[in-house]
Amino acid sequence: MTNIHNVTEFIFLGLSPNQEVQRVCFLIFLFLYTAIVLGNFLIVLTVTTSRSLGSPMYFFLSCLSFVEICYSSTTAPKLISDLLAERKAMSWWGCMAQLFFLHFFGGTEIFLLTVMAYDRYVAICKPLSYATVMNRQVCAVLVGTAWVGGFVHSFAQILLVFHLPFCGPNVINHYFCDLLPLLKLACFDTFLIGLLIVANGGTLSVVSFGVLLASYMVILLHLRTQSSEGRRKALSTCGSHVTVVILFFGPCIFIYLRPSTTLPIDKVVAVFYTVITPFLNPVIYSLRNAEMKKAMKRLWITTLRLNKK
């Protein structure tokens, strides 16, 4: 199988062919992407500047927020600009780059969410050994492992499509380059490649989702022996994590667990894990966390005082 360069660019159909709908979507997604960048950057800034947020939980949260900014930036800017463009095109190399970084940051987020679940498990179920188990070195190794895991996952995905021959057509019924829409355009039998994509992306999502749910089930069972105040605080934190996990993994499993089929609803579902979840991340973690809100308030007051001087 050789890489045939008859196709040098891909044309996206976008979210909707209706011009009025596209203008409305432009305003909506411009607002969402701006909120994603500012909201997640605020979390990163608050955690890195606040002494009261020095626990591993907030360190992992700041890493997750940084990944969310990078992850949404692989698709949202192109989507926003295409909503006002008559011709929505991307070069072959640009498509491969978008595909790689989408799965790189997406895979890293999957591993980070798993790390965060492990952190909550140790904090709630083994509180006496928490400081020893989750020391700075361990946290750094876990985050580094998440990044390496995301790279390996993405590298494996890009290898599956990089050498596919594209002879034409070059129209993708989507708003970004993704694996399954690209497989439909290849002039090659992609059934086996589709199965390998499921084995990589689909299985990773399902297994990680199962591990996360199992860990939170263990935490909930352990909470039966806690005081009502400790139970309430732990449930609040875990509730935020579970909400993000379901919003992210649900659409991913729906998309990447089908080996060779695409559906019209896929574009709408993809919006959830590329835009909606990164948007909700700062809302869920900041508004449901008293310490985070206090730290943000202190940061705001300090910024105002510095501006007055």
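The values are calculated or read from the model by the stated rules, or taken from the named source; none is laboratory data. What you are looking at is a predicted structure, and each value in this text was computed from that prediction instead of being measured. Ideal geometry is used to build each Cβ from the backbone, glycine not excepted, and the neighbour counts take in all protein chains shown. Only protein heavy atoms, including side chains, enter the accessible area calculation; ligands, DNA and RNA are left aside. Shrake-Rupley method; radii C 1.70, N 1.55, O 1.52, S 1.80 Å.
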Next item on the list: Treating cross-link reach as a plain straight distance, find the aspartates and glutamates whose alpha-carbon is under 18 Å from the alpha-carbon of residue 88, omitting any fewer than eight places away in the same chain.
Entry: 9, 20, 178
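Given a 1.4 Å probe and heavy atoms of the protein chains only, how would you sort 87, 51, 120, 23, largest accessible area at the top?
Output order, biggest surface exposure first: 51, 87, 23, 120.
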Margin query: Using Cα springs under 10 Å in a Gaussian network model of the chain, which residue among 241, 174, 222 shows the largest mean-square fluctuation?
Written below: 222
Next item on the list: Using a 1.4 Å probe and ignoring any ligands, DNA or RNA, find the accessible area of residue 67 and quote it in Å² to the nearest 10.
Entry: 0 Å²
Notebook entry, point to check: Just checking the chain: which Cys have no other cysteine's beta-carbon under 4.7 Å?
Noted result: 25, 63, 70, 125, 139, 238, 252
Next item on the list: Report ³J(HN,Hα) in whole Hz for each residue of region 122-131, in order, from the Karplus equation J = 6.51 cos²θ - 1.76 cosθ + 1.60 where θ = phi - 60°; Gly and Pro get x.
Entry: 5, 5, 8, 8, 9, x, 5, 9, 4, 5
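Keeping every protein chain in place, order 81, 228 by accessible area at 1.4 Å, biggest value first, i.e. largest first.
Largest to smallest exposure gives the sequence 228, 81.
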Notebook entry, point to check: Is it possible to state the helix-based mean residue ellipticity at 222 nm for the chain, with each DSSP H run of 4+ residues giving -39500 (n - 2.57), the sum divided by total residues, to the nearest 500 deg cm²/dmol? What is it?
Noted result: -24000 deg cm²/dmol
Note to self: Between residue 294 and residue 24, how high is the FRET efficiency from 1/(1 + (r/R0)^6) when r is the Cβ-Cβ distance and R₀ = 30 Å? Nearest 0.05.
What the structure shows: 0.20
Check: Let a ≥ b ≥ c be the square roots of the eigenvalues of the Cα gyration tensor of region 17-131; is it rounded (a/c under 1.5), or, if not, prolate (a/b larger than b/c) or oblate?
Finding: prolate
Item checked: Portion, in percent, of the accessible area of the chain that falls on carbon or sulfur, probe 1.4 Å -> 70 percent
Notebook entry, point to check: What's the Cα-based Rg to Rh of the chain, Rh via Kirkwood?
Noted result: 1.01
Item checked: residue 187 - accessible surface, heavy atoms, 1.4 Å probe, Å² rounded to 10 -> 60 Å²
Item checked: Whole-Hz ³J(HN,Hα) from phi, Karplus 6.51 cos²θ - 1.76 cosθ + 1.60, for region 11-25, glycine and proline x -> 10, 9, 7, x, 6, 8, x, 6, 5, 5, 4, 5, 5, 5, 4
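Sorted by accessible area (1.4 Å probe), largest first, how do 103, 163 line up? Spell out each step's value before the answer.
Details: 103 15, 163 90 Å².
So the residues, ranked largest to smallest area, are 163, 103.
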